[in-house]
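To start, the structure itself, in structure tokens.
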Amino acid sequence: FVSDFSKAMSQAGTSQFQEVIRQELEYSMKVELDKILATASSHELEHTKKDLEGFKKLFHRFLQEKGPSVDWGKIQRPPEDSIQPYEKIKARGLPDNIASVLNKLVVVKLNGGLGTSMGCKGPKSLIGVRNENTFLDLTVQQIEHLNKSYNTDVPLVLMNSFNTDDDTKKILQKYSHSRVKIYTFNQSRYPRINKETLLPIAKDVSYSGENTECWYPPGHGDIYASFYNSGLLDNLIAEGKEYIFVSNIDNLGATVDLYILNHLMNPPNGKRCEFVMEVTNKTRADVKGGTLTQYENKLRLVEIAQVPKAHVDEFKSVSKFKIFNTNNLWIALSAIKRLQEKNAIDMEIIVNPKTLDGGLNVIQLETAVGAAIKSFENSLGINVPRSRFLPVKTTSDLLLVMSNLYSLNAGSLTMSEKREFPTVPLVKLGSSFTKVQDYLRRFESIPDMLELDHLTVSGDVTFGKNVSLKGTVIIIANHGDRIDIPAGAVLENKIVSGNLRILDH
């Protein structure tokens, strides 16, 4: 009994001690944020205040939460009817008045990211993807085609970050005569915090020059608060808009799907969904993608960062968790407004550690847009074809979408009919291809890839014009060697190594 009692006492002591530390950290943070706010000019004051308030809430929750936020024992497979096959939704067909349904829709693209991982300066959405067209060009072309075909008025909304806002707005001028109304709003700007002290590294509000590294956009989960704060949400509701379709601007498969939209607006059972997440079947390439599970009687998105270490392999298994989140989401505007006003949107915090150029370790607190699914009523997953998930994160992805595997029509990419099977080849380009400029320099023209299954390229390799790749092709230039694949070469099931010996695979 005595030992139990002392254990209980010491536990109480520990939790009290932790509570004191938490309060001290929160107080120190408040002091620092007040100092930063004091440096804001009158026109910056309002939005800086909102940003720092939002950050304070996030920081408070970060101090409260302990470790991975899912209890693995509570995770269940989602019930059958909570994830519908796309075929079933498509089979319902379309109503005659599809235009009136389309007029209730707003397309939102997440446009906060820079092209740094691909060696580009400026917004990622301005990287040329296909015939000089950028991600943004293709998006505008898709919606313009929709508006012309159905005589509708579907607007495009871009969620920019302080990193992408200026450059994006300059480019938008060229669409002033297109048949798409384009709106932008900015996501919040939060201070990065020192990993050791848990205090902001910024000393004032400025974010140019040497201060760029002090701030960050807090992930796309910030969409709910910043969309609401911008006033745009209310304006769109006043115009009679009812749903947004949200996706990453670098996902070229995320086009407006009329069947899903019809299912939302005219549900078969008469009860509308407030939140639909498009999921698709995992392949070996997607083992890290977030998955939909049933958790405490709600659909819940579980990301790899929330999984206890002992269960990571199980999480990655393709047999237990067969689907992953494409981040194509359909959300009711009225529900966002209601939940935002009740401060009832609950998203797990993602702690993203970074090391700055000078070697300082910082953390940034982020949230993910799909994690809010559990806060909405009557949520649904729809298992869509893989073709709706075509993200371009690397130059390996870029090679696929620039190739003859896809044809381009009105801004939409579709898999070529000449491809015998609908799966995408696995492409791994080595570090010599990481930056877009280097990648473009190494291909005189994009190879014919219609019959390709797998391509690995490593080292100093260049491709001449009209090269054709089929089956499995592996090209490895050893250190110091260079391999030039000659113009017109056809490589089928070949390993090319070292000194340009071409072997049968």
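Things worth noting here:
- Of the residues making up the stretch 148-164, those that are over 30 Å from S188 (Cβ atoms) and either buried (at least 20 other Cβ atoms within 10 Å of the Cβ) or of a type in the set (V, I, T) (or both) number 1.
- Within the stretch 314-357, the only residue that satisfies the criterion of being among the aromatic types (F, W, Y) and assigned to a loop (DSSP other than H, G, I, E, B) is F321.
- When T48 is tested against the conditions (1) outside the structural domain of P191 (by the TED database); (2) under 29 Å from V312 (Cα atoms), the lone failure is (2).
- Per the conditions (1) part of a loop (DSSP other than H, G, I, E, B); (2) within 21 Å of E366 (Cα to Cα); (3) of a type in the set (S, T, Y), the sole criterion not satisfied by T48 is (1).
- Residues located in the stretch 269-283, provided they are surrounded by fewer than 19 Cβ atoms within 10 Å (Cβ to Cβ) and either among the hydroxyl-bearing types (S, T, Y) or touching a residue at least 60 places away in the same chain (Cβ under 8 Å) (or both): K271, R272, N281, T283
- Those residues of the stretch 124-145 which are surrounded by fewer than 20 Cβ atoms within 10 Å (Cβ to Cβ) and under 17 Å from V157 (Cβ atoms), in sequence order: Q141, E144
- Filtered by the rule that a residue be part of a strand (DSSP E or B) and in contact with a helix residue (DSSP H, G or I) (Cβ under 7 Å, 6 or more places away or on another chain), the stretch 124-146 gives V129, R130, T134.
- Of all the listed residues (E65, E46, E53), the sole one being open to solvent by 80 Å² or more (accessible area, probe 1.4 Å) and under 25 Å from the mean Cα position of the chain (by Cα) is E53.
- Within the stretch 405-430, being surrounded by fewer than 16 Cβ atoms within 10 Å (Cβ to Cβ) and at pLDDT below 95 holds for S407, N409, A410, T414, S416, E417, K418, E420, F421, P422, T423.
- Restricting attention to the stretch 101-123, the residues being open to solvent by less than 20 Å² (accessible area, probe 1.4 Å), in a helix (DSSP H, G or I) and not β-branched (V, I, T) number 2.
- Sole residue being over 25 Å from I89 (Cα atoms), part of a helix (DSSP H, G or I) and not assigned by the TED database to the domain that holds E53, chosen from N235, N262: N235
The values are calculated or read from the model by the stated rules, or taken from the named source; none is laboratory data. As the structure is a computational prediction, the values presented were derived from the model and not from experiment. Positions of Cβ are generated from backbone atoms using ideal geometry, with glycine treated the same way; all protein chains shown enter the neighbour counts. To get the accessible areas, we keep the full protein, side chains included, count just its heavy atoms, and leave off ligands, DNA and RNA. Shrake-Rupley method; radii C 1.70, N 1.55, O 1.52, S 1.80 Å.
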